[in-house]
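Heads up, the thing below is written out as structure tokens.
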Amino acid sequence: MEHWENHLSRLVYSPHKSPDPEVDIVSDYPFTNDLRDRITDNLNRHPVHKAAPETAARLKLAAVTITLTNHRGGTHFLLTKRAPRLNAHAGQWALPGGRLDPGESAGGAALRELEEELGVHLPPSAILGALDDYQTASGYLISPLILWTGADTQLEPNPAEVAAVYHIPLGDVAAPDAAQFIGQPGTAHPMIRLSLTTGHIHAPTAAILYQFAERALYGRPTRVDRLSEPDWARR
């Protein structure tokens, strides 16, 4: 992995230029089949880094979704505020998702959790690709999946799990000043923070969304396994 300080220079890139002439940079976001295909192609350009089996065996396995949906003619993703009475991570910003059931695949869990949390039923063909596994300090191994919904997706949030759900425009995560990397005493691993229209979010959600922007929108092989969480996110 490149040193995290190299990522700081990437915050000042032009959305109309690419370090690789073969990369089809996505710089506008209408909800079209062309956009879906371009995102899929960019995701397929780089291998997905999975945790070693011995690492996965000692962690709690989970899957989350970056669910791309049509909102007012543009492509947005769904971001939730977790219900305040949940046992873990109550009230935090989160992508739809949750723990894998025994014998369940990450893709199966992602689709199931999306339906349980937001009432959105999608077939396996809605999965465009995946991002790297992200290991959290609280003992989870998160597998992020990218999903493409229909043009008229209706949301029915489950109040037991979701306090609120927001449509976030893709331009938020692709903005040149969206990501900040904050040094922490005693470690070379910076904390990542994303500034969205809803406010600041942190890892693991921020790290996953940052890699999505780098991989899916800009075709870059960026890794995020050394971007860390704030202490309060570990609870």
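The values are calculated or read from the model by the stated rules, or taken from the named source; none is laboratory data. In this text the structure is predicted, and so the values were computed from the model without any measurement. Counting neighbours? That spans all protein chains shown, and the Cβs are built from the backbone with ideal geometry, glycine included.
Would you check which residues across the range 197-235 are assigned to a helix (DSSP H, G or I), at pLDDT 90 or above and touching a strand residue (DSSP E or B) at 6+ places or on another chain (Cβ under 9 Å) and list them?
Hits for the range 197-235 are 205, 206, 207, 208, 209, 210, 211, 212, 213, 215, 216.
Here are some residues: 130, 137. Which one is surrounded by fewer than 16 Cβ atoms within 10 Å (Cβ to Cβ), of a type outside the set (S, T, N, Q) and under 24 Å from residue 59 (Cα atoms)?
The conditions single out 137.
Give the residue that is surrounded by the most Cβ atoms within 10 Å (Cβ to Cβ), with candidates limited to residues of the range 117-127 that are touching an Asp or Glu at 6+ places or on another chain (Cβ under 7 Å) and in contact (Cβ under 8 Å) with a residue 24 or more places away in the chain.
117
Against the condition touching a Leu at 6+ places or on another chain (Cβ under 8 Å), among the aromatic types (Phe, Trp, Tyr) and within 30 Å of residue 54 (Cα to Cα), how does residue 166 come out, does it pass?
Answer is no for this residue.
Got at least one residue in the range 188-196 being of a type in the set (Lys, Arg), assigned to a strand (DSSP E or B), out of contact with any Asp or Glu (no Cβ under 9 Å at 6 or more places or on another chain) and closer than 25 Å to residue 51 by Cα?
Initially, the range 188-196 is screened for residues of a type in the set (Lys, Arg), giving 193.
Next, only the ones that are assigned to a strand (DSSP E or B) stay: 193.
Those still in the list that are out of contact with any Asp or Glu (no Cβ under 9 Å at 6 or more places or on another chain) too: 193.
Applying the additional criterion that residues be closer than 25 Å to residue 51 by Cα yields 193.
Scanning the range 188-196 turns up at least one residue that is of a type in the set (Lys, Arg), assigned to a strand (DSSP E or B), out of contact with any Asp or Glu (no Cβ under 9 Å at 6 or more places or on another chain) and closer than 25 Å to residue 51 by Cα.
Please go through the range 93-115 and give me each residue that is surrounded by fewer than 17 Cβ atoms within 10 Å (Cβ to Cβ) and under 19 Å from residue 80 (Cα atoms), ordered by number.
Hits for the range 93-115 are 99, 115.
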